[in-house]
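The values are calculated or read from the model by the stated rules, or taken from the named source; none is laboratory data. As the structure is a prediction and not an experimental result, all values here were calculated from the model. Glycine gets a Cβ as well: all are built from the backbone with ideal geometry, and neighbour counts include every protein chain shown.
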Amino acid sequence: MDGRKDMETDLITLLSRIVLEKDDDTPNRFTAQAEALKEKQCTNLEFGRWVDASDFPFLIETLMLDTEIFSREFPGVQMAADERKAFANALELHCESCPRCHLKRAYDLEWQSRIKKALAENKQGIGEALKQL
């Protein structure tokens, strides 16, 4: 394993530990959420596949990237900025009306909130760890 991969692994381990220290029920929550999602039906499987395959906030943020950055990060995806924005809006609208995707989006937003809170509460420790990586 190269040095960069080792650093990435160390950082992911550190971030995971920080989040789990604040909430040791995370594994049980994920299991409960997965069970709750199994009980819901998606109303549009095409959109549902996108919502299921991604962390919803990350997906929307990715679709809204500047064209130059999007093209560099996803060279095989040929989608103009207006197409990506329209797709992001369609996904948002779908999540408003679909019981399953609405719930998945809510879970993803909750998780994002927990991560942001853990990062904010541990800025100094994360900074120190990053210096050592």
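List of remarks:
- Every test in (1) part of a helix (DSSP H, G or I); (2) free of Cβ contacts under 8 Å to residues at least 40 places away in the same chain is passed by residue 126 save one, and that test is (2).
Residues checked against (1) out of contact with any Phe, Trp or Tyr (no Cβ under 7 Å at 6 or more places or on another chain); (2) of a type in the set (D, E, K, R); (3) loosely packed, with under 14 Cβ neighbours inside 10 Å:
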{"position": "51", "(1), (2), (3)": "yes, no, no"}
{"position": "104", "(1), (2), (3)": "no, yes, no"}
{"position": "113", "(1), (2), (3)": "yes, no, yes"}
{"position": "131", "(1), (2), (3)": "yes, yes, yes"}
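- For segment 59-86, the set of residues classified as aliphatic (A, V, I, L, M) and part of a loop (DSSP other than H, G, I, E, B) consists of 64, 65, 77, 79, 80, listed by residue number.
- Looking at 29, 49, just one residue is among the charged types (D, E, K, R), under 18 Å from the mean Cα position of the chain (by Cα) and either within 23 Å of residue 126 (Cα to Cα) or modelled with pLDDT of 90 or more (or both), and that residue is 49.
- Out of 35, 46, 39, one residue alone is exposed (fewer than 12 other Cβ atoms within 10 Å of the Cβ) and either in contact with a helix residue (DSSP H, G or I) (Cβ under 6 Å, 6 or more places away or on another chain) or under 14 Å from residue 95 (Cβ atoms) (or both). It is 46.
- Residue in segment 47-55 that is of a type in the set (A, V, I, L, M) and out of contact with any Leu (no Cβ under 8 Å at 6 or more places or on another chain) present: yes
- Subset tally (residues that are at pLDDT below 70 and either in contact with a helix residue (DSSP H, G or I) (Cβ under 6 Å, 6 or more places away or on another chain) or surrounded by 10 or more Cβ atoms within 10 Å (Cβ to Cβ) (or both)) for segment 1-10: 3
- Extreme residue, modelled with the lowest pLDDT, among residues of segment 90-133 that are more than 15 Å from the chain's Cα centre (by Cα), over 16 Å from residue 49 (Cα atoms) and of a type in the set (S, T, N, Q): 132
- A search for C-beta distances below 8 Å between a residue of segment 103-118 that is under 13 Å from residue 34 (Cβ atoms) and any residue that is among the aliphatic types (A, V, I, L, M) and in a helix (DSSP H, G or I), counting only pairs 6+ apart in sequence or on different chains, returns 103/36; 103/37; 104/37; 104/51; 107/37.
- Only residues that are part of a helix (DSSP H, G or I) and within 16 Å of residue 108 (Cβ to Cβ) were counted in segment 32-50, giving 9.
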